[in-house]
Amino acid sequence: MGAQFITLEGSEGAGKSTAMACITAQLDAWQVPYITTREPGGEANAERIRELLLHSDHLADETELLLMFAARNEHLAKVIRPALAAGQWVVSDRFVDASFAYQGQGRGIAWSTIEFLERWVVADTQPDLTLLLDVDPATGLQRAAQRSDKDRIEQEDLTFFEQIRQGYLQRAEQDPGRIKLVDANQSIAQVQAQIVDHMKAFKTGLEP
Ligand code: Z5A
């Protein structure tokens, strides 16, 4: 069983942090070597770009998209590809699907533009499994409201996060083999049970 690339996606307040803990507990149980990482960020230069992305006063939508891919390129070159090549599984909190959902559906940038960047930057380093936490945007925003300091993207309104959800669902429809939907409106225990089921099914699919 070779190293696998797993990504976690979802809109605001979907519960990614909780889900990440559940995924790593499963990997620990299987005793596979892995690293966890995140986007935007996951590498020194990419983390500096993250700062710019989340805490600048204003960014043009196109700049936002290009910075996401600039950070992703650093992340892929210095963290993701070397880890996979060394036999480590990689679990990333967000990856390229987020660009389609946020910059594509949310900001209104043509998917064909993002697909071009995806072909160039991501190339064949596509995730093997993506768990998409799908939550009703109003519920997600309510959960996230518990957080005190919202970054630039988190300050967007409900309509924006409804678009994000549609973007993610459209992506899932295009690639149902890779992107597995998790109903994140349910309780934490139920969400975790769904994640474990998807992980087990994924591993079974890898076995000879
Ligand atoms: N972004 C982008 O635009 N384009 C891109 O290409 C990429 C990213 C890669 C930073 O991401 C921003 O970058 C993000 C998208 C954009 N902006 N937004 N919005 P981030 O992943 O670092 O930030 P985040 O989206 O704000 O996620 P988060 O803080 O890591 O996690 P979360 O999923 O929103 O939620 P959480 O912290 O795990 O949970 C929120 C609360 O809900 C917490 O109190 C939990 O205990 C609670 N919770 C969780 N699950 C449940 C259930 N099932 N029931 C009840 N309560 C729950």
Any chance segment 148-158 includes a residue that's within 26 Å of Gly104 (Cβ to Cβ), surrounded by fewer than 17 Cβ atoms within 10 Å (Cβ to Cβ) and touching a His at 6+ places or on another chain (Cβ under 9 Å)?
yes
Restricting segment 128-156 to residues that are aliphatic (A, V, I, L, M) and closer than 30 Å to Trp89 by Cα, the residue that is nearest to the ligand (Cβ to nearest atom)
Ile153
Give Arg171, Arg143 a once-over and let me know the one that is in contact (Cβ under 8 Å) with a residue 40 or more places away in the chain, touching a strand residue (DSSP E or B) at 6+ places or on another chain (Cβ under 7 Å) and surrounded by 12 or more Cβ atoms within 10 Å (Cβ to Cβ).
Arg171
Evaluation of Ala14 against (1) in contact (Cβ under 8 Å) with a residue 40 or more places away in the chain; (2) within 21 Å of Val121 (Cα to Cα); (3) within 14 Å of the ligand (Cβ to nearest atom); (4) surrounded by 15 or more Cβ atoms within 10 Å (Cβ to Cβ) (one fails), failing number:
(2)
Pairing a residue in segment 87-109 that is over 20 Å from Phe5 (Cβ atoms) with any residue that is assigned to a loop (DSSP other than H, G, I, E, B), where Cβ atoms lie under 9 Å and the two sit 6 or more apart in sequence or on different chains, gives Tyr102/Ser11; Tyr102/Ile153; Gln103/Ile109; Gly104/Ala110; Gly106/Ile153; Gly106/Glu156
Using the structure shown, decide if Leu8 is surrounded by fewer than 22 Cβ atoms within 10 Å (Cβ to Cβ), touching a residue at least 12 places away in the same chain (Cβ under 8 Å) and not charged (D, E, K, R).
no
Is one or more of the residues making up segment 74-96 within 21 Å of Pro137 (Cβ to Cβ), among the hydrophobic types (A, V, I, L, M, F, W, C), within 15 Å of the ligand (Cβ to nearest atom) and surrounded by fewer than 23 Cβ atoms within 10 Å (Cβ to Cβ)?
no
Scan of segment 174-197 for residues that are crowded, with 17+ Cβ neighbours inside 10 Å, within 12 Å of the ligand (Cβ to nearest atom) and not in a helix (DSSP H, G or I), ordered by number
Val182, Ala184
Could you look through segment 121-163, keep only residues that are modelled with pLDDT under 95 and acidic (Asp, Glu), and pick out the one that is farthest from His55 (Cα to Cα)?
Asp157
Please count how many residues of segment 152-168 are assigned to a helix (DSSP H, G or I), without any contact (Cβ under 8 Å) to a residue 40 or more places away in the chain and of a type outside the set (A, V, I, L, M).
2
If Tyr168 satisfies every condition in (1) more than 10 Å from the ligand (Cβ to nearest atom); (2) under 16 Å from the mean Cα position of the chain (by Cα); (3) more than 25 Å from Asn73 (Cβ to Cβ) but one, which is the exception?
(3)
Could you please find all residues in segment 100-127 being buried (at least 17 other Cβ atoms within 10 Å of the Cβ) and within 13 Å of the chain's Cα centre (by Cα)?
Phe100, Ala101, Tyr102, Pro127
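The values are calculated or read from the model by the stated rules, or taken from the named source; none is laboratory data. Note that the structure is predicted; figures quoted are calculated from it, not measured. All Cβ positions, glycine included, derive from the backbone under ideal geometry; neighbour counts span all protein chains shown.
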